[in-house]
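S.K.: Let me begin by handing over the structure; questions about it come next.
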Amino acid sequence: MTSRPRRLPAPALPSDAAAANLLLSILRGPDPARLLAAGITPTPALLQHLRPALHALPESALPAIARWAGAATAVSLLASRGLFAAAWRLLLSSPSPAPPLAAFAPLLRRYARLGRATAALRAFRFLRRHHDRYTVDDEGDESSSATAVSPLILTVDALCKEGHPRAAVQLVEQLRREDPGWAPDVRTYNVLLNGWSRKRRLDKVEKLWAAMRNAGVQPTVVSYGTLIDALCVMRRPDQAMDLLEQMRDEGIQANLLTCNPIVYALAQAGRFGDAHKVIEKFPLYVVAPNISTFNSLVLGYCKHGDLAGASGVLKSMLGRGISPTARTYNYFFMVFARNRSVELGMNLYNKMVNNGYEPDRLTYHLLIKLLCESNRLELTLQMIQEMRTSGFEPDLATSTMLIHLFCRRQQFEEALAEFEHMFERGIVPQYITYRMLMKELKRLGLFELVQKLTDLMRSVPHSTKLPGSYRDKEGDDAIEKKKSILQKAQAVSDVLKECKDPKKLKLQSPEETDVEAADRIVTSIRRRVYGDGCSIETMVL
């Protein structure tokens with residue numbers, strides 16, 4: 001048996017656990033207001049501990065949570081658990097001063113995410129009627145002024161980001177009908193443009209753009225950036241380049257958010273010459289390419305299998321003083337994994353580490369996939385150990401690939417050991433992995449291991465779904481059963497087709513019982529499928 005590195009137990013975090021227990025004990029106690037004096041910092045980990053316990057907390061604990069973590073965070077927690085009534089009570093019962101308008105944003109977003117656009121619109125109407133129920137932070141910055149941040153912007157933004165731009169447009173149109181003197185500003189148009197762009201409705205984006213220009217609303221760089229991104233997503237980079245020139249003519253300063261999508265779209269289309277020409281024109285727009293610009297080129301070259309071109313971009317990056325990231329290298333590793341180029345992949349990995357660049361989790365996933373599919377067990381185990389050393393514990397994908405590799409090498413005991421380690425780490429293996437391992441253990445007669453594997457899977461809830469391709473490979477019985485069902489269905493169809501007059505289709509005579517009628521119909525169908533000489537008794541025997 002090949003020795004492999006054992007996983008060291010993860011260090012416990014007593015401070016987090018103790019803080020979570022203290023937090024819940026205070027909130028469930030007689031005086032939740034003591035939470036502010038407890039010295040507990042509202043970290044994301046603590047909020048995760050708090051989220052599932054919200055249903056069981058007393059009503060008096062909610063104001064304490066709002067003072068401790070902030071009103072917006074408290075409302076977001078309650079809305080994420082579907083406690084909308086509690087969230088509204090918290091917001092409306094707050095003593096002076098009133099909660100900030102931003103505290104209502106999580107409610108609007110959660111309503112929209114659940115498809116409850118009507119509820120979001122009711123919340124908007126409430127906020128529009130009751131200005132005294134919220135405050136707007138205004139520290140002299142335009143982005144936080146009442147004009148920029150309003151109930152309308154929050155509502156339209158929530159609807160658009162959660163996939164309901166049509167409802168947002170209808171709201172704006174309704175407001176225009178109610179007040180003919182009111183017109184949406186450029187920020188409202190920008191949010192609506194972004195909403196249709198997210199839905200990939202270029203026709204709606206172009207229609208809204210034309211309406212904005214006809215209304216005399218001057219677009220901003222955000223407006224142009226949204227339209228350019230929509231065009232690039234729909235693979236129309238040439239129109240996007242025309243918009244860059246239009247921006248220049250109108251005196252609007254371009255930025256990377258307007259230029260990089262064009263480079264990405266051209267690279268994805270394999271138009272590398274045009275992509276490089278666009279980058280050469282960046283100085284005309286007073287824009288300098290960044291890591292995202294070059295990553296788009298590297299991805300495009302790797303997608304089209306041109307590793308020489310991707311390497312040239314990498315050298316150009318280094319020449320400009322731009323350091324590649326793990327994502328840059330991952331594009332190369334994707335090609336190596338697809339082509340099973342183990343030597344090239346390991347050489348690049350060694351250069352990456354030796355030059356001081358840190359791999360991320362995806363880097364290790366791609367390399368482990370490459371090594372597993374190339375049947376390189378020793379290198380796979382070494383890479384998993386380096387993955388742990390870098391602070392990334394093996395996850396479901398990593399362990400599944402390793403188990404499949406062990407099975408291909410007929411090392412079923414090692415595969416079962418890794419299966420057990422997944423449970424120790426709190427990971428439930430995929431059902432297809434369980435079935436594959438179970439089938440091989442049964443074939444080898446290792447019934448003790450079969451029972452052990454069965455007990456492990458029974459100990460946790462798990463899905464029993466399998467891919468259709470896997471079911472076809474389970475054996476000839478399943479295929480024959482499907483054929484038999486189809487033949488019987490065809491026989492029933494033929495019987496119904498031959499009988500033109502429904503009155504002549506006597507399924508049951510007055511003297512027949514239900515059982516006799518059923519037997520007669522089944523016999524007729526089986527004769528058509530198996531031949532006239534087949535009787536019920538023969539089929540049963």
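S.K.: All but one of (1) touching a residue at least 24 places away in the same chain (Cβ under 8 Å); (2) on the phi > 0 side of the Ramachandran plot hold for Leu47; which doesn't?
M.R.: Every condition holds for Leu47 apart from (2).
S.K.: Which of (1) within 21 Å of Ile153 (Cβ to Cβ); (2) open to solvent by 70 Å² or more (accessible area, probe 1.4 Å) does Leu227 not meet, given it meets every other one?
M.R.: Exception for Leu227: condition (2).
S.K.: Moving on to the next point. Go through the range 158-174 and give me each residue that's touching a residue at least 40 places away in the same chain (Cβ under 8 Å) and acidic (Asp, Glu).
M.R.: Result: Glu162, single match.
S.K.: Here's a follow-up. Out of the range 190-209, which residues are aliphatic (A, V, I, L, M) and surrounded by 24 or more Cβ atoms within 10 Å (Cβ to Cβ)?
M.R.: Of everything in the range 190-209, those that are aliphatic (A, V, I, L, M) and surrounded by 24 or more Cβ atoms within 10 Å (Cβ to Cβ) turn out to be Val191, Leu192, Leu193, Val205.
S.K.: Would you please name the residue that is nearest to Phe336 (Cα to Cα), looking only at residues in the range 275-304 that are open to solvent by 50 Å² or more (accessible area, probe 1.4 Å) and more than 27 Å from the chain's Cα centre (by Cα)?
M.R.: His276
S.K.: Let me ask another. Could you please tell me which pairs satisfy a Cβ distance under 6 Å, a separation of 6+ or placement on different chains, a first residue in the range 403-420 that is in contact (Cβ under 8 Å) with a residue 12 or more places away in the chain, and a second residue that is among the aliphatic types (A, V, I, L, M) and open to solvent by 10 Å² or more (accessible area, probe 1.4 Å)?
M.R.: As it stands, the answer is Leu416/Leu449, since those pairs meet every condition given.
S.K.: Take the residues of the range 366-388 that are without any contact (Cβ under 8 Å) to a residue 60 or more places away in the chain and open to solvent by 40 Å² or more (accessible area, probe 1.4 Å): which is nearest to the chain's Cα centre (by Cα)?
M.R.: Lys369
S.K.: Is it true that Ile252 is open to solvent by less than 60 Å² (accessible area, probe 1.4 Å), closer than 30 Å to Glu173 by Cβ and either part of a loop (DSSP other than H, G, I, E, B) or in contact (Cβ under 8 Å) with a residue 12 or more places away in the chain (or both)?
M.R.: Here the answer is yes, as Ile252 does meet what is asked.
S.K.: Hey, another quick one. Select from the range 210-224 the residues that are open to solvent by less than 50 Å² (accessible area, probe 1.4 Å) and free of Cβ contacts under 8 Å to residues at least 24 places away in the same chain and list them in ascending order.
M.R.: Ala210, Ala211
S.K.: Which residues, counting only those in the range 335-360, are touching a helix residue (DSSP H, G or I) at 6+ places or on another chain (Cβ under 8 Å) and in a helix (DSSP H, G or I)?
M.R.: Val335, Phe336, Ala337, Val342, Leu344, Gly345, Met346, Leu348, Tyr349, Met352
S.K.: Would you call Arg109 out of contact with any helix residue (DSSP H, G or I) (no Cβ under 6 Å at 6 or more places or on another chain) and modelled with pLDDT of 90 or more?
M.R.: So Arg109 fails the test.
S.K.: Same structure again: Would you mention how many residues in the range 168-189 are open to solvent by less than 20 Å² (accessible area, probe 1.4 Å) and part of a helix (DSSP H, G or I)?
M.R.: So the count comes out to 6.
S.K.: Turning to a different aspect of this structure: Restricting the search to the range 336-359, which residues are under 14 Å from Leu379 (Cβ atoms) and surrounded by fewer than 12 Cβ atoms within 10 Å (Cβ to Cβ)?
M.R.: Glu343, Asn350
S.K.: Which one of these does Pro30 not meet: (1) within 30 Å of Phe124 (Cβ to Cβ); (2) open to solvent by 30 Å² or more (accessible area, probe 1.4 Å)?
M.R.: (1)
S.K.: Taking the range 348-365, which residues are among the basic types (Lys, Arg) and free of Cβ contacts under 8 Å to residues at least 12 places away in the same chain?
M.R.: Once the filter is applied, which keeps residues that are among the basic types (Lys, Arg) and free of Cβ contacts under 8 Å to residues at least 12 places away in the same chain, the range 348-365 yields only Lys351.
S.K.: Something else: Pick out the one residue from Gln410, Gln430 that is on the phi > 0 side of the Ramachandran plot, at pLDDT below 90 and open to solvent by 60 Å² or more (accessible area, probe 1.4 Å).
M.R.: Step by step, each of Gln410, Gln430 is checked, and only Gln410 is on the phi > 0 side of the Ramachandran plot, at pLDDT below 90 and open to solvent by 60 Å² or more (accessible area, probe 1.4 Å).
S.K.: Considering only the range 255-267, state which residues are farther than 20 Å from Lys199 by Cβ and either within 27 Å of the chain's Cα centre (by Cα) or open to solvent by 60 Å² or more (accessible area, probe 1.4 Å) (or both).
M.R.: The answer is Leu256, Thr258, Cys259, Asn260, Ile262, Val263, Leu266, Ala267.
The values are calculated or read from the model by the stated rules, or taken from the named source; none is laboratory data. Here the structure is a predicted model, which means the values were calculated and not measured. Here the Cβ is made from the backbone with ideal geometry for all residues, glycine too, and neighbour counts use every protein chain on show. To get the accessible areas, we keep the full protein, side chains included, count just its heavy atoms, and leave off ligands, DNA and RNA. Shrake-Rupley method; radii C 1.70, N 1.55, O 1.52, S 1.80 Å.
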